[in-house]
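Encoded as structure tokens, the structure appears first; notes follow it.
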Amino acid sequence: MATVRAKEQQAEAVAHILDDIIHLPGTGMRMGADPLLGLIPVVGDAVAALLGGVILVTARQLDVPWGTVRSMAFNQWKNGLIGAVPFIGDAYSFYFKSNAVNAALLLRAVKRGDHGACPMTAQALTIGDLAGLAILILPAVALTGLVSLWFWDQNVSYFSLLFPAPYRSR
């Protein structure tokens, strides 16, 4: 079993990679893989939503209450669905940083604990945990992919701007 701090660090690392691993030169701003993945047509935002789901899985391993996990899932849904909209979605992912928000919610919930105490080790996921996480994460990933596919079919993408003539003749 992993210690609680190791799991917290895992969630923080995922959030860091997805939301702020790259420092933009000349600015005080940071960017992660989430907005960059959003540039990949159809699947990019769905992959980002799936990777963000790792934080939700970690939250359940640390016995974070389901109410907090639902809030975290709602952040993932918003990030995925708005992120699937070309141009606007990538800006939203860049500024909102849902994974960092979710990691902070996880840390706050673990620090608070059920009765002011924090467990020493992370618990194994139960069948109920896996089912609940699947219900929260998989529809978000699927719906994000479908929204991305719809925009792709409507010729609304970065590729339609970069390569207008050959792209539209498909």
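Bear in mind that the values in this text are calculations on the coordinates, not laboratory data. Because the structure is predicted, anything quoted here is derived from the model rather than measured. Glycine also receives a Cβ, built like all others from the backbone with ideal geometry; neighbour counts cover every protein chain displayed.
Rounded, prolate or oblate: which fits the range 1-68, taking a ≥ b ≥ c as square roots of the Cα gyration tensor eigenvalues, rounded meaning a/c under 1.5, else prolate when a/b beats b/c? Each step should come with its number before you reach the end.
Values: a/c = 2.83, a/b = 1.54, b/c = 1.84.
It comes out oblate by the Cα gyration axes.
Compute the length gained on full extension between V43 and D153: take 0.36 nm times their separation in residues and subtract their Cα-Cα distance, giving the result in nm to one decimal. Spell out each step's value before the answer.
Values: separation 110, 0.36 × 110 = 39.60 nm, distance 1.33 nm.
Extra length available between V43 and D153 comes to 38.3 nm.
As an exercise, use a Förster radius of 41 Å and the Cβ-Cβ distance of A134 and R30 to find the FRET efficiency, rounded to the nearest 0.05. Mind dumping the intermediate values first?
Values: r = 31 Å, r/R0 = 0.77.
According to the calculation, E is roughly 0.85.
Rounded to the nearest 500 deg cm²/dmol, what is the calculated helix-only ellipticity per residue at 222 nm for the chain, with -39500 (n - 2.57) per DSSP H run of length n ≥ 4? Mind dumping the intermediate values first?
Working: 9 runs with 118 residues, N = 170.
Calculated at 222 nm, the ellipticity per residue is -22000 deg cm²/dmol.
What residue among G32, G83, G67 has the largest mean-square fluctuation in a Gaussian network model of the chain, using Cα springs under 10 Å?
Its mean-square fluctuation being the largest, the pick is G67.
How high is the relative contact order of the chain? Use alpha-carbon pairs under 8 Å, at least six apart in sequence, and give a whole percent. Could the numbers behind the result be given before it?
On the way: 233 pairs, mean separation 52.0, N = 170.
Dividing the mean separation by the residue count of the chain yields 31 percent.
By how many degrees, 0 to 90 and rounded to 10, does the Cα axis of helix 127-153 deviate from the longest principal axis of the chain?
10
Can you pull the one-decimal nm distance between simple spin-label points at F74 and A13, each 7 Å off the Cα toward Cβ?
Here the answer is 3.1 nm between the modelled labels.
Pick from N75, N102, N155: which is most flexible by mean-square fluctuation in a GNM of the chain where alpha carbon atoms under 10 Å apart are linked?
The residue with the greatest mean-square fluctuation here is N155.
For I22 and L146, FRET efficiency with R0 = 30 Å and r from the beta-carbon atoms, rounded to 0.05? Intermediate values should be presented prior to the final figure.
Values: r = 29 Å, r/R0 = 0.96.
Given R0 = 30 Å and the Cβ-Cβ separation, E is 0.55.
Can you give the Kirkwood hydrodynamic radius for the chain, in Å, rounded to one decimal and based on Cα pairs?
Working: mean 1/r = 0.0597 Å⁻¹.
Result for the chain, one decimal place: 16.7 Å.
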